[in-house]
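Okay, structure first, notes after.
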Amino acid sequence: RAEFCFPPRSQAQLAAGEAAGEAAQLAAGGDAVVYLCGNSLGLQPRRARDYVLEEMDKWATQGVEGHFSDGPRPWVTINEVGLSELAEIVGANEDEVVSMSSLTVNLSSLLVSFFQPQADRNKILIESKSFPSDYIAVRTQLQSRGLDPELCMLQASPREGEETLRTEDILALVEQHADDLALVMLPGIQYYTGQLFQMGKLTAEIKRLTDGKCVVGFDLAHAVGNAELKLHDWGVDFAVWCSYKYLNSGPGGIGGGGGGAGA
């Protein structure tokens, strides 16, 4: 808790604190606040303000030369900052991950590379209640390849009366379509139910059932920084994530993704 700023219990409390010039003190205190909204926006790290001001000062005092500054974080190589830490968080090698763009843009870009439909292998499997932007990205990808989403987008659903997907049911659907399935894309953690998927087992079994001919990817928006990940060891082909939830980068924070050992 000491590393993060906690919002006050109410806007009235915040307004009272600001009126007394104590907004920062309120945010720093927060002992009585239990914050359970990290699935939407993570708390602000205390050091974030200092880092932002350092970059503003660099811009003010160095201008364009800030790209090649001798100090910390020259802008021309800013994409390399934190790369080793990010690789450790997702359980991958540094040359398998990148921080860039937004989750949905990254997902669309990776689908262009990893979804290579053939005449007899052209289907994508997702969950039936996937995050809306994931659903649209997959549907759009199929349409862009001249494929009918009604025929080529398979959706795994929970059993009647259940809220979560059983691993065995996902694998049964994979086995049923082992000869025509080109790609499986599932969440690491389901955004609504909170179900943690068995990513390692799913990846291994999907590869086995399709003789290694099906690509496996995960949307880790709610898993990165929240669950243990071993993308490289699991042989996951690709993954995408955002950083403003459990990585606490702030609203509009840059996304990330990569191709792993299975690629």
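Any residue that is more than 30 Å from residue 76 (Cβ to Cβ), outside any strand (DSSP E or B) and open to solvent by 40 Å² or more (accessible area, probe 1.4 Å) - is there at least one of those in the range 104-111? Within the range 104-111, not a single residue is more than 30 Å from residue 76 (Cβ to Cβ), outside any strand (DSSP E or B) and open to solvent by 40 Å² or more (accessible area, probe 1.4 Å). Taken over the range 116-138, the criterion of being open to solvent by 80 Å² or more (accessible area, probe 1.4 Å) and not in a helix (DSSP H, G or I) is satisfied by 116, 118, 119, 120, 129, 131. In the range 57-72 there is no residue that is out of contact with any Cys (no Cβ under 6 Å at 6 or more places or on another chain), at pLDDT below 95, open to solvent by 30 Å² or more (accessible area, probe 1.4 Å) and of a type in the set (A, V, I, L, M).
Just give me the residues in the range 75-108 being touching a residue at least 24 places away in the same chain (Cβ under 8 Å) and of a type in the set (Gly, Ala, Ser), in sequence order.
Across the range 75-108, the qualifying residues are 91, 92, 99, 101, 102, 108.
Filter the range 197-220 for residues that are part of a loop (DSSP other than H, G, I, E, B) and within 23 Å of the chain's Cα centre (by Cα); which is surrounded by the most Cβ atoms within 10 Å (Cβ to Cβ)? Result: 220. For the structure I just gave you, tell me whether residue 227 is touching a Cys at 6+ places or on another chain (Cβ under 8 Å) and in a loop (DSSP other than H, G, I, E, B). For residue 227, the condition - touching a Cys at 6+ places or on another chain (Cβ under 8 Å) and in a loop (DSSP other than H, G, I, E, B) - is not met. Residues in the range 139-195 that are outside any helix (DSSP H, G or I), open to solvent by less than 10 Å² (accessible area, probe 1.4 Å) and β-branched (Val, Ile, Thr): 184 alone. Working only within the range 191-240, note down all residues that are touching a residue at least 60 places away in the same chain (Cβ under 8 Å) and touching a Pro at 6+ places or on another chain (Cβ under 8 Å). Selection gives 219, 220, 221, 222.
Give the number of residues within the range 73-90 that are open to solvent by less than 50 Å² (accessible area, probe 1.4 Å) and under 18 Å from the mean Cα position of the chain (by Cα). Going through the range 73-90 one residue at a time, the tally reaches 5.
The values are calculated or read from the model by the stated rules, or taken from the named source; none is laboratory data. Note that the coordinates shown come from a computational prediction; the quantities given were computed from them, not determined experimentally. Neighbour counts are summed over all protein chains in view; Cβ atoms, including those assigned to glycine, are modelled from backbone coordinates with ideal geometry. Remember, those area values only see protein heavy atoms, side chains included, never the ligands or the DNA or RNA. Shrake-Rupley method; radii C 1.70, N 1.55, O 1.52, S 1.80 Å.
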